[in-house]
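The values are calculated or read from the model by the stated rules, or taken from the named source; none is laboratory data. Owing to the predicted nature of the structure, the values given are computational and were not obtained by experimental measurement. Every residue, glycine among them, receives a Cβ derived from its backbone with ideal geometry; neighbour counts consider all protein chains shown. Surface areas here come from the heavy atoms of the whole protein model, side chains and all, with no ligands, DNA or RNA. Shrake-Rupley method; radii C 1.70, N 1.55, O 1.52, S 1.80 Å.
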Amino acid sequence: MAIPAQATGAAAARVDGRLKVTGAARYGSDANVVDPAHAFLVTSAIARGRIASIDEGPARAVPGVLDILSYRNVGQAIAPGKFFAAGGYVGSTIVPLGSPRVAHGGQIVAVVLADSFEAAREAAHRLKVSYAQEQPSAGFDSDGIEIVPAKQASKEHEDPGVGDAASAFAAAPVKIEAHYSTPTQHHNPIELFTTTCAWDGDKLMVWESSQNVHGIKNGLAQQLGIDPEQVRVISPYVGGAFGSRGSLTQRTAIIAVAAKRLNRPVKLVATRDQGFTIATYRAETRHRIKIGAGTDGRLQSLSHEGFEVTSRADPYMVSGTDASTRLYACPNVFSKVSIVHADRSTPGFMRSPPELPYLFPLESAIDELAVALRMDPIELRRVNDTKNEPINGLPYTSRSLMQCFDQAAEAFGWRRRNPEPGSMRDGDWAVGLGCASTMYPTAMAPATARVTLTPQGSVKVQTAAHEIGNGAYTVIAMTAAERLGLPLEKVSVELGDSDLPPAPVAGGSNTTASVCNVVAKACDEIRHKIIRAALRANDSPLAGKAEASLTFSEGVVKSPDGGSEPLPTAIRRVSNGAVEAYAENLPHGTSADGIEKLYKGMQDLAGGAKLKDRIQFAFGAEFVELHVHLRTREIRCPRVVGAFAAGRIMNAVTARSQLMGGMIWGVSSALHEETEMDERTARFTNTDLAEYMIPVHADIVSADVILVPEEDRLVNELGIKGLGELGNVGTNAAVANALFHATGVRVRDLPIRLEKLLAASAI
Ligand code: MOS
């Protein structure tokens, strides 16, 4: 069936907007259970050692306390799970309440269950846990860390490389060599980390806001030793996720066990502070970049070495060299990623792994090269633009990087920039204009969907994809409306329930590409059924027409050479009730048993730089204006402009909002965010929204998004690349580059805060 024309112009307000602003949307935290017991977590006060004793007396004495769970009574009840990156489900292989060992600060060591939240909280504070403490290793600079090459830690990992980077660097006329770092950061979604479990016989219901309901269903079944069909996970709305709800964490199995023991529903609401250690986070990274270039700006050698902190237990890594080594043409490339095991909780996905921490150093170094060459940074990128990635020479399915630069530069007013650092002023403020590239891989996963069309012309779409603020309800409804020629209001969409046909994790910006394609397929199956019935019917004005020529539009089936039939009439030829279709989609590069794996909640994301025969990325260009006060060094960011090309844009409204949100978060992580750690105790210190710095409205004056039209027929049938994380990746470097332009000071360690400029003499 013909693919509809490029639809960058399509735009619709969120179909779930009214439900959200009126409070009618039910989030994971809004589980409607009768008379639940309340759980309160007790988390470890040390980062390494073991629990020496637990005195439950004072806690048990609090009226309303029902039970106290710890390793002493849970122990073997929860089976060990395999790490998700090794084909399992869990985000950390530390068994929940499995032993007296303490592996990181803030680990769940006990759970108090009571009739009320207040009683559970009070008793939790009265529980006396004593520890035998050992000296923890906090991070990169601590004694006792273990450094392991990523290649050794994971069979999946490759260090991309080509040619002889060392010799080419030595011979290059212009050289840049520098170290960069990014800090620990936390997602802090506004909806707290909550879980509610209720058993009905041997059936377990779980309400938990999630990016992966099938992953939780299957992983939890494995932990509890039950059949996955006994578990149902419900998460129709998610109050912020950003990766933090992408993997199965410790609390879910614990609350399931608690509900079983009490024979009563149990509801957990973890505190903001606990969220810093019971969920995942972005761990700090360090980088060494070496670039050798000719005097014409062409790269001759690129070397990117990255180091990432992880836990003792798990080899979590983002290893973004897959992207950073492929952004520009370069004949000699070296890369190596190493992980550093410390006494930390296992990190995890945080918008936007893996590119975000790896493009900051690369795109800063490219700016440093432009300064060394006295070359315009956009022209430097143009000189090194390429249609083929440099490692294996594979062609990009499409790449509109320079179109993005040209459109963003025009909108931003790059022409007024005086290239001399520290040369632009606005009263008492130094003004800086900076830019950087952004890129994000187009990932796709196997997906399934069921579509039902009634004779009244109402459509129901069912798939266990996730609405995490990404606009999934809206783009899925738009896809069905367009395919079936019906108004958007006639489409209802059901998501976020593991009883629905499985869909992949909402991660790696894959939802729109994976799910809209399979929904389109199911709609096409319905069209086929209806059209075939009409063609065969003697009393239809469409009888005998060419099948491929018939269109569905405004509730009417039409033939181009005249002849039409209202949809309800056509539908009744197929069925007295509704017409239903179930579709599966196995995207290019995914394995043949991808659908089977999907049902088992295992992710089979393919794409980006991992395909054997081609390479697929979305690209963009981001521009930042920064003002630095000449005396106080106060930093303000009045303007961000980004232009992005991500294939077909399904909904310009939600796409713009995703990209804008990404850039705003990029400014935030460049200028504000850092989770600080007490190096002596390996515990986080600023674990609340008062001390974890984020921007407010007054900090983000203007953020503009330009959608650059791009058609890509290779990535998938609908030509969707996905853009949930694209806007976020380039901003850090654009901010740092603008700061250098304003002040002549190069800050290579994020976040860029006022104190890092106090000693600077350049301004
Ligand atoms: Mo996203 S960090 O891949 O949920």
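Figures for the structure shown
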read-out: Near pairs, Cβ below 8 angstrom, 6+ apart or cross-chain, from the range 148-163 (over 18 Å from His304 (Cα atoms)) to any residue that is open to solvent by 40 Å² or more (accessible area, probe 1.4 Å) and assigned to a loop (DSSP other than H, G, I, E, B); value: Ala153/Pro315; Ser154/Pro315
read-out: Boolean, Pro361 is more than 16 Å from the ligand (Cβ to nearest atom), part of a helix (DSSP H, G or I) and either under 27 Å from Ser142 (Cα atoms) or of a type in the set (A, V, I, L, M) (or both); value: yes
read-out: Residue identified as open to solvent by less than 70 Å² (accessible area, probe 1.4 Å), within 21 Å of Thr452 (Cβ to Cβ), among the hydroxyl-bearing types (Ser, Thr, Tyr) and part of a loop (DSSP other than H, G, I, E, B) among Ser591, Ser575; value: Ser575
read-out: Single residue of the range 470-518 satisfying the filter (assigned to a loop (DSSP other than H, G, I, E, B), among the aliphatic types (A, V, I, L, M) and more than 16 Å from the ligand (Cβ to nearest atom)) that is farthest from Ala25 (Cα to Cα); value: Leu486
read-out: Condition met for Lys290 (over 21 Å from Ala85 (Cβ atoms), open to solvent by 10 Å² or more (accessible area, probe 1.4 Å) and in contact with a Leu (Cβ under 9 Å, 6 or more places away or on another chain)); value: yes
read-out: Breaking point among (1) within 18 Å of Tyr89 (Cβ to Cβ); (2) in contact (Cβ under 8 Å) with a residue 40 or more places away in the chain, for Glu284; value: (1)
read-out: Residues that are away from the ligand (no atom under 16 Å from the Cβ) and touching a helix residue (DSSP H, G or I) at 6+ places or on another chain (Cβ under 8 Å), drawn from the range 339-358; value: Ile339, Ser345
read-out: Answer residue from the range 239-267, given it is of a type in the set (A, V, I, L, M) and open to solvent by 10 Å² or more (accessible area, probe 1.4 Å) and is nearest to the ligand (Cβ to nearest atom) among those; value: Val257
read-out: Number of positions in the range 681-714 that are exposed (fewer than 13 other Cβ atoms within 10 Å of the Cβ) and of a type in the set (S, T, N, Q); value: 2
read-out: Scan of the range 527-557 for residues that are buried (at least 19 other Cβ atoms within 10 Å of the Cβ) and under 14 Å from Gly485 (Cα atoms), ordered by number; value: Arg527, Ile530, Ile531, Leu550, Phe552, Val557
read-out: Residue in the range 211-224 that is more than 14 Å from the ligand (Cβ to nearest atom) and either assigned to a loop (DSSP other than H, G, I, E, B) or under 30 Å from Gly393 (Cβ atoms) (or both) present; value: no
read-out: Residue in the range 86-95 that is hydroxyl-bearing (Ser, Thr, Tyr), more than 30 Å from the chain's Cα centre (by Cα) and modelled with pLDDT of 95 or more present; value: no
read-out: Counted residues, the range 236-259 - those being under 22 Å from Glu596 (Cα atoms) and assigned to a loop (DSSP other than H, G, I, E, B); value: 2
read-out: Filtered residues of the range 621-631 (kept if more than 25 Å from the chain's Cα centre (by Cα) and either farther than 15 Å from Asp426 by Cβ or charged (D, E, K, R) (or both)); value: Glu625, Arg631
read-out: Selected residue (criterion: nearest to Arg251 (Cα to Cα)) from residues of the range 111-121 that are surrounded by 22 or more Cβ atoms within 10 Å (Cβ to Cβ) and touching a Lys or Arg at 6+ places or on another chain (Cβ under 9 Å); value: Val111
read-out: Any hit, the range 653-667, residues being crowded, with 24+ Cβ neighbours inside 10 Å, in contact with a Lys or Arg (Cβ under 8 Å, 6 or more places away or on another chain) and within 13 Å of Asp704 (Cα to Cα); value: yes
read-out: Residue match in the range 443-456 (condition: closer than 28 Å to Ile216 by Cα, in contact (Cβ under 8 Å) with a residue 60 or more places away in the chain and not in a strand (DSSP E or B)); value: yes
read-out: Phe83 being closer than 29 Å to Pro315 by Cβ and either among the hydrophobic types (A, V, I, L, M, F, W, C) or surrounded by 19 or more Cβ atoms within 10 Å (Cβ to Cβ) (or both); value: yes
read-out: Per-region count, the range 122-139, residues within 21 Å of Glu56 (Cβ to Cβ) and open to solvent by less than 60 Å² (accessible area, probe 1.4 Å); value: 7
read-out: Residue check for Ala430: of a type in the set (Gly, Ala, Ser) and part of a helix (DSSP H, G or I); value: no
read-out: Tabulated pairs, the range 184-213, first under 15 Å from Pro228 (Cβ atoms), second open to solvent by 20 Å² or more (accessible area, probe 1.4 Å), C-beta under 6 angstrom, 6+ apart or interchain; value: Asp202/Gln230; Lys203/Gln230; Leu204/Gln230; Met205/Arg232
read-out: Members of the range 18-49 found to be over 24 Å from Thr196 (Cα atoms) and exposed (fewer than 15 other Cβ atoms within 10 Å of the Cβ), listed by number; value: Arg18
read-out: Answer from Ser458, Ser514 - the residue that is more than 21 Å from Lys20 (Cβ to Cβ) and crowded, with 24+ Cβ neighbours inside 10 Å; value: Ser514
read-out: Filter result for the condition that a residue is within 30 Å of Ile108 (Cβ to Cβ), surrounded by fewer than 24 Cβ atoms within 10 Å (Cβ to Cβ) and not charged (D, E, K, R), over Ser303, Ser311, Ser319; value: Ser311
read-out: Condition check for Leu723: within 30 Å of Ser514 (Cα to Cα), open to solvent by 10 Å² or more (accessible area, probe 1.4 Å), assigned to a loop (DSSP other than H, G, I, E, B) and away from the ligand (no atom under 16 Å from the Cβ); value: no
read-out: In the range 50-80, residue nearest to Ile216 (Cα to Cα) [restricted to those that are open to solvent by 20 Å² or more (accessible area, probe 1.4 Å) and acidic (Asp, Glu)]; value: Glu56
